[in-house]
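Chemist: This structure is in C-alpha cells; I'll ask about it shortly.
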Amino acid sequence: FEKYPSLQGGERGRLLRKENGGVCSARNRGIQEAKYDYIALLDGDDLWDEHYLEEQVKLIQDFPEAKMWGVNYAFVKNGVITKCNQGLGEGYRGYVTNYFGTSHNDLFCSSTVVIKKDALGVVGYFDEKIAYSEDLDMWYRIILSYSTVFFDKVLAYYNQDADNRCAYDLNIHYDLTR
C-alpha cells in the first residue's frame, strides 16, 4: 500500500491483517469487516477494467431484485487476451434463468461478481472446509436462493502470467484493446 497512497485507509479501503487461514478465511474476514451493503472481490492475480465498478452499479440499478451481479472475463497469458465464451449470447445482459443450462459452470468467478451482503447472512459465508472450487459452492448457494444477473461484457481479466498466480506487480499493463 505504500506504493499506492490512495489505497491507504480512509473511505477508499482498509488493509486487514490476519493469520493465514486460506482464501475462504480471508474472504470471510473481509466480508465480516465490510461496512457497506455490497461485496466485490478482487483476487491478487486478476485485474478490473477501469469501468468495472461503474458497470456493476448500472447492473444493480437496472436489476435491483437480484442478489448477485456478474460480468464476463478474459484470460491473459503471454500478453494474449482470450475472452471466456459463457454461452448466454454475445452481449447478453439480464437475469440468469437457467444457470445450470449454460455452457459453462463458471459463469461467475470471484473477481467478476458483486454480492448483496445480506444474501450472505442467509446462504452463509465461504465454506472454510473446502479447499478447491469454494467459490462455485458459494455461487450455487446464492443461485438456488436468489435471482442473479450476468452481463456478457469483459470487465475483468484473469492474469495467468502472475507469479504464483496469486500476486503480481500492479505496474504491469496489458493492451486490453486487442
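Chemist: Please list, ordered by first then second residue, the pairs with beta carbon atoms under 6 Å, 6 or more apart or interchain, first in region 125-147 and in a loop (DSSP other than H, G, I, E, B), second open to solvent by 50 Å² or more (accessible area, probe 1.4 Å).
Modeler: 147/65; 147/95
Chemist: Additional query: Pick from 50, 54: which is of a type in the set (Asp, Glu), free of Cβ contacts under 8 Å to residues at least 12 places away in the same chain, assigned to a loop (DSSP other than H, G, I, E, B) and more than 14 Å from residue 118 (Cα to Cα)?
Modeler: Only one candidate qualifies: 50.
Chemist: If I ask for residues that are assigned to a helix (DSSP H, G or I) and of a type in the set (Gly, Ala, Ser), which ones from region 73-115 would you list?
Modeler: Residues satisfying the conditions are 101, 110, 111.
Chemist: So, in region 1-51, exactly how many residues are open to solvent by 30 Å² or more (accessible area, probe 1.4 Å), modelled with pLDDT of 80 or more, of a type in the set (D, E, K, R) and in contact with a helix residue (DSSP H, G or I) (Cβ under 6 Å, 6 or more places away or on another chain)?
Modeler: Number satisfying all stated conditions: 2.
Chemist: Those residues that are more than 13 Å from the chain's Cα centre (by Cα) and under 20 Å from residue 84 (Cα atoms), I need them from region 101-133; list them, please.
Modeler: Passing the criteria: 101, 102, 103, 104, 105, 133.
Chemist: I'd like to check something: does region 63-70 contain any residue that is part of a helix (DSSP H, G or I) and within 21 Å of residue 133 (Cα to Cα)?
Modeler: The answer is no, given that none of the residues of region 63-70 is part of a helix (DSSP H, G or I) and within 21 Å of residue 133 (Cα to Cα).
Condition check ((1) of a type in the set (Val, Ile, Thr); (2) closer than 20 Å to residue 159 by Cα; (3) buried (at least 18 other Cβ atoms within 10 Å of the Cβ); (4) modelled with pLDDT under 85) across all residues:
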site	(1), (2), (3), (4)
75	no, yes, no, no
93	no, no, no, no
97	yes, no, no, no
102	yes, no, no, yes
106	no, yes, no, yes
110	no, yes, yes, no
118	no, no, no, no
122	yes, no, no, no
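Chemist: Separate question: In region 124-157, how many residues are open to solvent by less than 20 Å² (accessible area, probe 1.4 Å) and among the aromatic types (Phe, Trp, Tyr)?
Modeler: Qualifying residue count for the region: 4.
Chemist: Within region 63-73, track down each residue that is more than 13 Å from residue 156 (Cα to Cα), in contact (Cβ under 8 Å) with a residue 12 or more places away in the chain and open to solvent by 10 Å² or more (accessible area, probe 1.4 Å).
Modeler: 63, 65, 67, listed by residue number.
The values are calculated or read from the model by the stated rules, or taken from the named source; none is laboratory data. Everything numeric in this text was worked out from a predicted model, so none of it was measured. No Cβ is skipped: glycine too gets one built from the backbone with ideal geometry, and neighbour counts run over all protein chains shown. Note: areas computed on protein heavy atoms with side chains; ligands, DNA, RNA excluded. Shrake-Rupley method; radii C 1.70, N 1.55, O 1.52, S 1.80 Å.
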